[in-house]
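The values are calculated or read from the model by the stated rules, or taken from the named source; none is laboratory data. Predicted, not measured: the structure shown is a model, and the values here were computed from it. All Cβ positions, even for glycine, are placed from backbone atoms using ideal geometry, and neighbour counts span all protein chains on display.
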Amino acid sequence: MHARRSIAALACLGSLFMATACAGDDLEDPEATPETSEGGGGEVSISGQAFPEAELVAAMYAQLLEDAGYTVEVNLVDTRDVYMQQFPGQIDVVPEYVGGIVDFLNVTENGADAEALTTPDAAESISNAQSLLEGQGITLLEPSEATDTNAFFVTQEYSEANDVTKLSDLEGATVTLAAHPDCEGRADCEGGLSDVYGIDIKEVLPLGFASPQTYQSVLDDESQLGLTSTTDGTLESQGLVLLEDDQAIQPAQNLVPAVSTEFLDAHPDVADTLNALMAALTTEALTELNGRVSVDRETAEDVAQDYLVEQGLLEE
């Protein structure tokens, strides 16, 4: 039986300094030079954001790399800006999203008003950001077909009463939006809904991304529109409906392994191991797996192992 490791999801509160320190506990020295390993083996540190899907994908990475002979340490933290302060260096591998990491690097390097490098095409987005990635010492492996973008939902009742199945059906409508605090003005959030779709956003309630408060706000009609992701496996069970982004305001958010280039040069076998997972994953499968974690309350480790065995990537 393949040995499974627990995921240490670190909810680091307080100052950014403290969060950064939390994320770095027990990770290897950033100045250390990794030993070259053509065949697998050695230590690898994985980080990412602490939400169910990231926990699930990190568990898949960990189990595959352990099976390949690595000693794996996983530390999940609250936000991208925390782990990116240690990646690459103390962190070797991160389960990422194409648009998320490209946008982060672009804004960090070129400022909030920088021209966007992301497009709805994953390969094009990666190509546009290649110089930024090389400058940071980060290599993106093969992006998966599986994608998880921002998405917006309404209640089944609202959808049927107003004949709303896609975002363009809301053109001219006045709605309150429940979302994360930085949604306002963003091209993939409130800004795109207003400017591209012509939706009158009366107010953005900062209730969080796919949070219980956001769901409840829409169910209670405090908000008419809520923010989640395209792989949210909980909507149907709550009587909620995902709206199609028919004007494509979302950049490509395909799942992709982000790896320290230095680490990858020393451990080239990691690319084959993680690319095999990316080739197997689909959006439909990811949605179903997310539902098992978020709705059925199965552990991320158990769901990850079941899927990897089912796909022939891991022996039972």
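Quick one: count up the residues across region 35-72 that are over 15 Å from VAL256 (Cα atoms), at pLDDT below 90 and part of a strand (DSSP E or B).
Total meeting the criteria: 0.
Could you count how many residues in region 193-214 are surrounded by 22 or more Cβ atoms within 10 Å (Cβ to Cβ) and within 24 Å of GLY233 (Cβ to Cβ)?
Of the residues in region 193-214, 4 are surrounded by 22 or more Cβ atoms within 10 Å (Cβ to Cβ) and within 24 Å of GLY233 (Cβ to Cβ).
Under 7 Å between Cβ atoms, which residue pairs at least 6 apart in sequence (or on different chains) link something in region 125-137 that is closer than 16 Å to ILE91 by Cα with a partner that is small (Gly, Ala, Ser)?
Partner pairs satisfying both residue conditions: GLY137/SER260.
Being among the polar types (S, T, N, Q) and outside any loop (DSSP other than H, G, I, E, B) is the filter; apply it to region 150-175 and report the residue that is nearest to PRO212 (Cα to Cα). Before the answer, list the steps.
Start the filter on region 150-175 by keeping residues that are among the polar types (S, T, N, Q), which leaves 150, 155-156, 159, 162, 165, 168, 174.
From what's left, outside any loop (DSSP other than H, G, I, E, B): 150, 155-156, 159, 162, 168, 174.
Working: ASN150: 16, THR155: 14, GLN156: 17, SER159: 20, ASN162: 24, SER168: 26, THR174: 23 Å.
It comes out as THR155.
Given the condition part of a helix (DSSP H, G or I) and loosely packed, with under 15 Cβ neighbours inside 10 Å, answer yes or no: does some residue in region 228-247 qualify? Reasoning before the result, please.
Within region 228-247, the subset part of a helix (DSSP H, G or I) is 235-238.
Narrowing the set further to residues that are loosely packed, with under 15 Cβ neighbours inside 10 Å leaves 236-237.
Among the residues of region 228-247, at least one is part of a helix (DSSP H, G or I) and loosely packed, with under 15 Cβ neighbours inside 10 Å, which makes the answer yes.
Go through (1) more than 19 Å from ASP148 (Cβ to Cβ); (2) out of contact with any strand residue (DSSP E or B) (no Cβ under 7 Å at 6 or more places or on another chain); (3) at pLDDT 95 or above; (4) of a type outside the set (A, V, I, L, M, F, W, C) one by one and return the number of the condition TYR307 breaks.
(1)
How many of the residues in region 296-316 are of a type outside the set (Ser, Thr, Tyr) and surrounded by 14 or more Cβ atoms within 10 Å (Cβ to Cβ)? Step through it out loud before you land on a result.
As a first pass, look at region 296-316 and keep what is of a type outside the set (Ser, Thr, Tyr): 296-298, 300-306, 308-316.
Pick out the ones that are also surrounded by 14 or more Cβ atoms within 10 Å (Cβ to Cβ) and you get 298, 300-301, 303-306, 308-309, 311, 313-314.
Selection size over region 296-316: 12.
Please indicate, with yes or no, whether at least one residue in region 246-257 is more than 24 Å from ASP163 (Cβ to Cβ) and among the charged types (D, E, K, R).
Scanning region 246-257, I find no residue that is more than 24 Å from ASP163 (Cβ to Cβ) and among the charged types (D, E, K, R), so the answer is no.
Among (1) in contact (Cβ under 8 Å) with a residue 24 or more places away in the chain; (2) assigned to a helix (DSSP H, G or I), which single condition is LEU314 missing?
(2)
Here's the yes/no breakdown for (1) at pLDDT 95 or above; (2) over 24 Å from PHE51 (Cα atoms):
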site: VAL93; (1), (2): yes, no
site: GLY100; (1), (2): no, no
site: VAL107; (1), (2): no, no
site: ALA112; (1), (2): no, yes
site: PRO143; (1), (2): yes, no
site: ASP148; (1), (2): no, no
site: PHE153; (1), (2): yes, no
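Take GLU236 and decide whether it is closer than 21 Å to THR287 by Cβ and either of a type in the set (D, E, K, R) or in contact with a helix residue (DSSP H, G or I) (Cβ under 6 Å, 6 or more places away or on another chain) (or both). First the steps, then the outcome.
Working: closer than 21 Å to THR287 by Cβ: yes; either of a type in the set (D, E, K, R) or in contact with a helix residue (DSSP H, G or I) (Cβ under 6 Å, 6 or more places away or on another chain) (or both): yes.
Spelling it out, GLU236 is indeed closer than 21 Å to THR287 by Cβ and either of a type in the set (D, E, K, R) or in contact with a helix residue (DSSP H, G or I) (Cβ under 6 Å, 6 or more places away or on another chain) (or both).
Hey, any hits in region 188-197 for a residue that's under 24 Å from PRO95 (Cβ atoms), assigned to a loop (DSSP other than H, G, I, E, B) and at pLDDT 95 or above? Step through it out loud before you land on a result.
Here is the first cut: in region 188-197, the ones under 24 Å from PRO95 (Cβ atoms) are 188-189.
From what is left, the residues that are assigned to a loop (DSSP other than H, G, I, E, B) are 188-189.
Remaining after also requiring at pLDDT 95 or above: none.
The answer is no; no qualifying residue exists.
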